[in-house]
1. Between B:59, B:111, B:34, which gets the highest mean-square fluctuation from a Gaussian network model of chain B, Cα cutoff 10 Å?
2. Relative contact order for chain A using alpha-carbon pairs under 8 Å, separation at least 6, rounded to a whole percent?
3. Using only the Cα atoms of segment A:62-218, what do you get for the radius of gyration and for Dmax, in Å?
4. Calculate the FRET efficiency for residue A:45 and residue B:160 from the Cβ-Cβ distance with a Förster distance of 35 Å, rounded to the nearest 0.05.
5. For segment A:4-145, what D do you get in µm² per second when you plug the Kirkwood radius from alpha-carbon pairs into Stokes-Einstein at 20 °C and 1.002 mPa s?
6. Springs between alpha-carbon pairs under 10 angstrom, Gaussian network model over chain B: which of B:138, B:239, B:148 fluctuates most?
7. Taking only C-alpha pairs under 8 Å that are 6+ residues apart, what is the relative contact order of segment B:61-200 in percent?
8. Expressed as an acute angle from 0 to 90° and rounded to the nearest 10, what is the orientation of the C-alpha long axis of helix A:2-30 relative to the principal long axis of chain A?
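Just so it is clear, none of the values below were taken in a lab; they were calculated from the coordinates. Since this is a predicted model, take the numbers as computed values, not measurements. Counting neighbours? That spans all protein chains shown, and the Cβs are built from the backbone with ideal geometry, glycine included.
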């Protein structure tokens, strides 16, 4: 049993190294002074960060990604909340079908969704427009808020809200003052997942964004499939740093647990 | 099925809700329904119908798909890559989850957290990392040359192996989540019981643990396989455009405005994916597996 146990531990370590090592490698590379890949870099410089922050293309795509992610997070969380309320409190039958519908953007392969959206956005003349991307990404992100918020709302006692109404609050105020605070962590979690879904999405933007609107991942994709300059290393490092920051924020808001409960 | 939930029953007992619940429910659902039906399902149906109408009405696109060697190669490529990815994820994920499920929660949690870091990292940052590691002047080649193991850089990037490595990196956390959540629920004292009754540890594992872990194993395998079929970005970046998969083919064909071939291929991908998902849902229940399926 000793040998088996050692082997198993070696596999655990190997898996963790395999999963985490690539992310660590990017960081020194971004401080390399040369354009040619060299590992580890001979000396350190901030050249590629300067490159990143002085290039209007990169900055524009970064700003677009942030703007789009936030708008998608807000819109899809609002839609998800109203859908979840309807599903938990009002819908009596057809719930399975509704849920399947709400989750379908996650099931349909992204490339298939992409050509469908490209087709309709062409007809609506929304290719290369912010609203086109917003609609497309909201659809892609929607399953997360619906799923997370439906689960969260199930555990809220509707009688509390009714009590508020019987004491004179109107329905909206009662919902906002009584129910929303109880599911606040789930709302943040839903918004965060929706943001990430948009933030990391490539395929849809490639089609719907047209030639003009390139989000950060698409800009990186174009870079990686054409030329490789370490500017992308600084972009990647910034993304990894943003992730760690995001995880920290989640921790601080205590989202992790509730978001995971949403997944269980 | 008792379709009415407790809340709805309570709501039904109350007068004013009874009158309004239908209308309010519909109003609340309306924005989402409109969005999903008008800008997702309807365009999906329209675009897929083009596989029957381009360039003229008929099954010509599917006939071509069936007879063309190139098309068949694309299907075979896609399934092979997804198959290898799934097999490696299972091979690594199973012992990993087995070991983690044996640990007390407070040890397992941070290790699982570590395993989830790539899950939350931007996909392009990860792909770039792999180009650094696998490239001709990359980490692996640099050290192999330095240590005198090889004389010339070996080409590790822009081939199928690179694609599979990249895909395993993306899919392994999914496999681990599913396997771990199944395995952590297995009562380990059953294994002790088996050994105390004279079974060897291996026999105990094979006859007790393995069968109990099978639902998670099937579910994880199917989930990873389904998601792997639709991969686009990873093959496009790490494959260097050499190994054409269904998804990269579709993009290429849309690029040259060959909607017939692109939509027929999409239809095949969609049918296989939805069919397998239906199986997954029927047999295992998808809800707990679904969240997090966007990154490829």
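1. B:34
2. Numbers: 295 pairs, mean separation 76.5, N = 264.
The normalised contact order for chain A reaches 29 percent.
3. Answer for segment A:62-218, Rg first and Dmax second: 17.4, 56 Å.
4. The computed FRET efficiency comes out at 0.45.
5. Translational D for this selection: 109 µm²/s.
6. Maximum among the listed residues: B:148.
7. Working: 81 pairs, mean separation 46.8, N = 140.
Normalised by residue count, the contact order of segment B:61-200 is 33 percent.
8. 80 degrees
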